[in-house]
1. Could you tell me the center-to-center distance, by alpha carbons, between region A:173-241 and region A:30-81 in angstrom?
2. Can you work out ³J(HN,Hα) from phi for every residue in region B:121-127, in order, using Karplus 6.51 cos²θ - 1.76 cosθ + 1.60 and θ = phi - 60°, giving whole Hz and x for Gly and Pro?
3. How fast does region B:16-61 diffuse by Stokes-Einstein, in µm²/s, taking the Kirkwood radius from C-alpha pairs at 4 °C and 1.567 mPa s?
4. Leaving out same-chain residues fewer than 8 places away, which aspartates and glutamates sit with a Cα under 18 Å from that of B:K166?
5. Does region B:153-197 come out rounded, prolate or oblate, given a ≥ b ≥ c as the square roots of the eigenvalues of its C-alpha gyration tensor, rounded meaning a/c under 1.5 and, failing that, prolate meaning a/b above b/c?
6. Does region A:23-162 come out rounded, prolate or oblate by the C-alpha gyration tensor, with a ≥ b ≥ c the root eigenvalues, rounded set by a/c under 1.5 and, if not, prolate when a/b is larger than b/c and oblate if not?
7. Which one of B:L202, B:L38, B:I245 has its Cα pushed farthest toward the positive end of the charge dipole of chain B, where Lys and Arg give +1 and Asp and Glu give -1 at the Cβ?
8. Taking amide H positions as placed in the peptide plane 1.01 Å from N, state which residues far from B:I312 in sequence (5 or more) or on other chains have amide H under 5 Å from it.
Amino acid sequence: MRNALGLDRPPHVRYFEWLGGVFQGDLGRSWITNRPVSATILERLPRTIELCLAGFLFSVAIGLPLGIVAALKRKTKTDYTAMGIALFGVSIPNFWLGIMLIFIFGVWLGWGPATGGYGGPEYLILPALVLGTALSGTTSRLTRSAMLDVLSQDYIRAARAKGLRERTVVYTHALKNAAIPIATLLFMRLPWIFGGAIVIEMVFDWPGMGLAMINAIHTSDFLVIQGIALMFVVLVIIANMLADISYAYLNPRIRYGMRR
Amino acid sequence: MSEPILRIRGLKTYFFMERGTVKAVDGVDLDVGKKQILGLVGETGCGKSVTAHSVLKLVPYGGTIVAGKILFEGRDLLKLSNEEMRKVRGTEISMIFQDPETSLDPVFTLGYQIGEPIELHQVIEQHLISPKEVPKKVLEALQTVGIPDPKARVDSYPHQLSGGMKQRGMIAMMITGTPKLLVADEPTTALDVTIQAQILDLMRKLRQKLGTSIFLITHDLAVVAEMCDRVAVMYAGQLIEETDIIPLFEQPLHPYTQVLINAIPKPGAKRGKLATIPPLIPNLMRLPRGCRFHPRCPKATDKCKRVKPQMIEAERGHLVRCHLYS
């Protein structure tokens, strides 16, 4: 047993053995089930990504319009209401909102699966909504400040002076400029969603990496914890890369430099 | 003079702030004649820029036009709906802005931005031309403002252009509708001197070619001397002197104008300190009683501290707001 787990060798040797394995796609085997960690990850990663992506889309779908409206109606009741909703979204604890939604829609109204789990869209909507709610608060505040910044720029005044329609001014000129900081910061916020996913998967019994990780923590299944943690690191790096790529894509000042 | 194209009467534009009301424009009367270049001069914060923006009803956030009339060819712009006013902008009245670096949208090509008003006004709204003709019109606009190699510039982003080219590009974007009135808010302030001369030259040519009247806002008396037919001097939200260009320089009446003219360094003059005005820019929230200029005025009397002077015609066509001439 000691030999199989490598516990008879010094820590640094074990570490390099593990690291060498990682580069060959071998993350070791679970101490409990003896299943390769990489197989667990391959099975669960797509589900976690599905959940995170849906949550991200929700947050944009809610946060972006909220932020735009707040910026356009700055310092009015509409603005305060929108920002109140945003604050609510940020402050409300994820797991609590999840439990409440399960209670209301699953148990009380009986519209969806009360136990959570994995399956069709009806299983995805609630956890994605919960995951998106928190980020939508950030998204809307971000959108509001980016839009306010852009709307006070000279080129917006110039666009109006050309006699352009207000919706062209706002949705073509202002939004395209505001999209640069919004997209960048949103992608940099993705890791936050991954973190949220761990809790949400638990609440909704969503069999993704987060749930696997929590189960592994309960059973002290170190190699599984380690492998999944590593996977999250990779996801975070990818999110940051997406932030950079989106910046270059949206901003012609950068894009041009790349072509040359 | 024939019927002026723009008549501003009793214009008041206030900014309502938490700490009080800023009377940025406080009762301005102005006429811009057909094909005339009218200069509006004054120091920073005197309200000249807000006056310019009021003409297009594009007052910055927080400001409101509270009173007055802005008659453009007899039509009161202040009575127009937002949609009607929008259709006036870019077609009949256009504006050139101060800073070419920030007045072009950085994420769209120059050609796109020039094409926008053409497409909207001439294709969609007035059905003057077909959509296929838009690129040709864009090219024409670029040629009118004298951008070198216009074909190549169409697909350039603003950051790929020099300051002078940006300013030309912005002007091209604003004159696509052959406006009858061009409001130019410090069009040369952000440019270096050689480019300045070129842009002023371009504006004069536009007046010749398109018959455009120009309402030129500046703080630079050299630009005024170069360009204007008539000049109004603004101080703390009000006009204090208005006259033709020659009398302004040869025989300024208002003490403020006199100090301004004296502050221009003259070639050949004895070396020494530049003439200056006491540095007390008036607080537009708490204006002095009586004449607004009296705390800085070298000729102020007791009356100036108590009584508000009215605009009077001191000489033919030469208006001044000062007790010295009443």
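What follows is calculated from the coordinates using simple rules that are stated; it is not laboratory data. None of the values given here were measured: they were computed from a predicted structure. When we count neighbours, we look across all protein chains shown, and the Cβ atoms used for this are built from the backbone with ideal geometry, even at glycine.
1. Using only Cα atoms, the two centres lie 9 Å from each other.
2. Karplus-based 3J(HN,Hα) across region B:121-127 equals 7, 8, 8, 7, 8, 10, 6 Hz.
3. Rounded to a whole number, D works out at 106 µm²/s.
4. Of all the aspartates and glutamates, those that pass the test against B:K166 - Cα under 18 Å, at least 8 places apart if same chain - are A:D154, B:D99, B:E101, B:D105, B:E116, B:E140, B:D149, B:D155, B:D185, B:E186, B:D192, B:D201.
5. Because a/c hits 1.5 or more and a/b fails to exceed b/c, region B:153-197 counts as oblate.
6. Oblate shape, in that a/c is at least 1.5 and b/c is the bigger or equal ratio.
7. The one lying farthest along the dipole's positive direction is B:I245.
8. Answer set, sorted by chain and number: B:V320, B:R321, B:C322.
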